[in-house]
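Down below is the structure, laid out as structure tokens.
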């Protein structure tokens, strides 16, 4: 549990919605105060839980009896979609966009459920090292598959999911690029023969 | 003996009697076959998508992540190198196949368990709750006698694929407990305003819009928003109320004892609506989303919701013996009692 993750707009939206609901019930708390109190409560609960379960950890670890079932506990209102582009002849060309059947370079691998799980995590700030390592791995594949490309760019488009009404009207809410990385491909290629 | 000691002894005797109950091995055998197929699918798709060397091999050998020494078994074997990881992949697939065929079922489940654990814990970023659900099932199959029937070992032992040999019932009950624990616990953690009553029940609509899990573009779901609201409310209520299934098991454990609550639970048999909603939910998930083997693994547990007698009756499409008025329990060859219900 990381406080930085609570700054994500999805979490902030949830806190604001709960604050409004509590106000409706007559409990007036400043949103920042609600967040602070919840943070203390969550940390305390996690600390006690970890202490209680500590003796059982070897059993969980050796026999695979872990019991962690946080499955879709909240929708991600600001989800992120991975875009990969290569720079060829001075202009950028998209080669992969998650769930776009036309732009599916590395699709068989990146669209597998295990990679989806990893990519879901890497749009969050707390997975910086693993995201950098994945970018390097993808750059090696790009250097091989796009011999004319000079650079590869990886980034997530993070935007609020439109409400059903806005989706029916075709309105796409604004978003922003996050976790952008651009890597040179030339150093990854074998030196040209003399 | 004090009254307290007498009560404790009586409770202990009832507990021992409960755990001594035996039943035909069909239910646990079907669970074994289904979970064996899930092992093959879980590992097999990683092989099929050419991901073994990417996800589970260390960066120093062209994997994408630094994996360190890996879980204890991988560390013991020499770390996440291609040779170690591929050996584990082959061994786990072989164990999954042995589970399906029913060859040394317990040992196969143990090997598959350790293989799945070692591989999936190499890179926990690339996994999910379905890995835990799978390894929990495998451990139950190590504990239970899942190879008594519908197995190659049965064929070698008796000359037939099926056998009437009874097995302890408690591993199947534990599988049900595991299923309910997963559902109830995830339901109780669904505290988002989009899930709980008082909001607009839009959780499933927004979850279907997440690129991470959707199979394809899902903007069309906006036209069906009211249906997703009903599905959200139903899913939340169904998960939170899933422990009712355990009450059904309690009622069926001793139907002859009577009582209004027990009678009501026996008449209603909450397992049927529970399984129908669960089946609809998991099949919808399978069609609309890509969450890996989650639905297949979870539905495998459903095979344990019914006793072997009831499963056989379902197969024959007739009223099961356990749905008839309760009869006295019959002694089994082992001296303990067989029980028709739950």
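Given the convex hull of the Cα atoms of the stretch A:3-63, what is a quarter of its surface area in nm²?
If you wrap the Cα atoms of the stretch A:3-63 in a convex hull and average its projections, you get 5.7 nm².
Provide A:83, A:112 in ascending order of the number of other Cβ atoms located within 10 Å of each residue's Cβ, fewest first.
Neighbour counts put them in this order, fewest first: A:83, A:112.
Quickly work out the residue A:103-to-residue B:275 label distance, labels modelled 7 Å from Cα along the C-beta direction, and quote it in nm with one decimal.
4.6
Please find, in a Gaussian network model of chain B (springs between Cα atoms separated by less than 10 Å), the residue of B:123, B:13, B:136 whose mean-square fluctuation is greatest.
B:13
Does a label point 7 Å from the Cα of residue A:12, set along Cα-to-beta-carbon, have any residues of the stretch A:145-169 with amide nitrogen under 16 Å, and which are they?
Within reach of a label on residue A:12: A:158-161.
Given a Förster distance of 30 angstrom, what is the FRET efficiency for residue A:56 paired with residue B:283, based on the Cβ-Cβ distance and rounded to 0.05?
Once rounded, the FRET efficiency stands at 0.30.
Which residue fluctuates most in the GNM of chain B (Cα springs below 10 Å): B:312, B:94, B:11?
B:11
Sort chain B into rounded, prolate or oblate with this rule: let a ≥ b ≥ c be the square roots of the eigenvalues of the Cα gyration tensor; rounded if a/c is under 1.5, and if a/c is not under 1.5, prolate when a/b is larger than b/c, oblate otherwise.
In terms of gyration-tensor shape, oblate.
What FRET efficiency do you get for residue A:49 and residue A:126 if R0 is 22 Å and r is their Cβ-Cβ distance, rounded to the nearest 0.05?
About 0.65, to the nearest 0.05.
Please arrange B:230, B:39, B:100, B:54 by how many other C-beta atoms lie within 10 Å of their C-beta, fewest to most.
B:230, B:100, B:54, B:39
Find the Cα radius of gyration of the stretch B:185-276, compare it with 2.2 N^0.38 Å by division, and give the number to two decimals.
My calculation over the Cα atoms of the stretch B:185-276 gives 1.43.
Any idea what angle helix A:31-53 forms with the longest principal axis of chain A, computed on alpha-carbon atoms, 0 to 90 degrees, nearest 10?
It is inclined by approximately 90 degrees.
Tilt of helix A:9-24 relative to the longest C-alpha principal axis of chain A, in degrees (0 to 90, nearest 10)?
It works out to around 20 degrees.
Quick one: length gained pulling residue B:158 to residue B:50 fully straight, 0.36 nm per residue minus the C-alpha distance?
Fully extending the segment from residue B:158 to residue B:50 adds 34.7 nm.
In Å, what Kirkwood hydrodynamic radius results for the stretch B:15-76 from the alpha-carbon pair distances?
Averaging 1/r across every pair of different Cα atoms and inverting gives 15.1 Å.
I'd like the distance between the alpha-carbon centres of the stretch A:157-171 and the stretch B:228-286, rounded to an integer number of Å.
Between the Cα centres of the stretch A:157-171 and the stretch B:228-286 lies a distance of 36 Å.
Give me the orientation-averaged projected area of the Cα convex hull of chain A, in nm², one decimal.
Hull-based average projected area comes out at 16.8 nm².
Give me the compactness ratio for the stretch A:80-187, meaning the Cα radius of gyration over 2.2 N^0.38 Å.
In units of the globular-protein estimate, the stretch A:80-187 measures up at 1.13.
Which percent of the Cα-Cα distances in the protein assembly as shown go past 35 Å?
Roughly 45 percent, rounded to a whole number.
Which angle from 0 to 90°, rounded to the nearest 10, does the C-alpha axis of helix A:113-122 make with the longest principal axis of chain A?
It is inclined by approximately 70 degrees.
So what are the three principal axis dimensions of the stretch A:1-109 from its Cα atoms, in whole Å, longest to shortest?
58, 46, 22
Divide by every residue of the protein assembly as shown the summed helix terms, -39500 (n - 2.57) for each DSSP H run of at least 4, and state the resulting mean residue ellipticity at 222 nm, rounded to the nearest 500 deg cm²/dmol.
It comes out at -17000 deg cm²/dmol, rounded to the nearest 500.
Between residue B:264 and residue B:227, how many nm apart are label points set 7 Å from Cα along the C-beta direction?
3.4
Taking neighbour Cβ counts within 10 Å as the exposure measure, how do A:120, A:156 sort from fewest upward?
Ordered by Cβ neighbours within 10 Å, fewest first: A:120, A:156.
Taking 45 Å as R0, compute the FRET efficiency from the Cβ-Cβ separation of residue A:42 and residue B:77 and round it to 0.05.
Once rounded, the FRET efficiency stands at 0.75.
Fully extended, how many nm does the chain gain between residue A:150 and residue A:93 (0.36 nm per residue separation, minus their Cα-Cα distance)?
19.4 nm
How long are the three semi-axes of the equivalent ellipsoid of the stretch B:24-168, in whole Å, if each is the root of 5 times an eigenvalue of the C-alpha gyration tensor, listed from largest down?
Over the Cα atoms of the stretch B:24-168, the semi-axes work out to 32, 13, 12 Å.
Give, to the nearest whole percent, the P(r) tail of the stretch B:128-215 beyond 22 angstrom, counting all Cα pairs.
Taking all Cα-Cα pairs of the stretch B:128-215, the fraction more than 22 Å apart is 54 percent.
Please compute the modelled spin-label separation between residue B:234 and residue B:316, points set 7 Å along Cα→Cβ, answer in nm with one decimal.
A separation of 3.3 nm, rounded to one decimal place.
When the Cα centres of the stretch B:7-55 and the stretch A:48-90 are compared, how far apart do they sit, in Å?
Each part reduced to its Cα centre gives a spacing of 24 Å.
Every number in this text was worked out from the coordinates using simple rules, so none of it is lab data. These numbers were taken from a predicted model, which means no experiment stands behind them. No Cβ is skipped: glycine too gets one built from the backbone with ideal geometry, and neighbour counts run over all protein chains shown.
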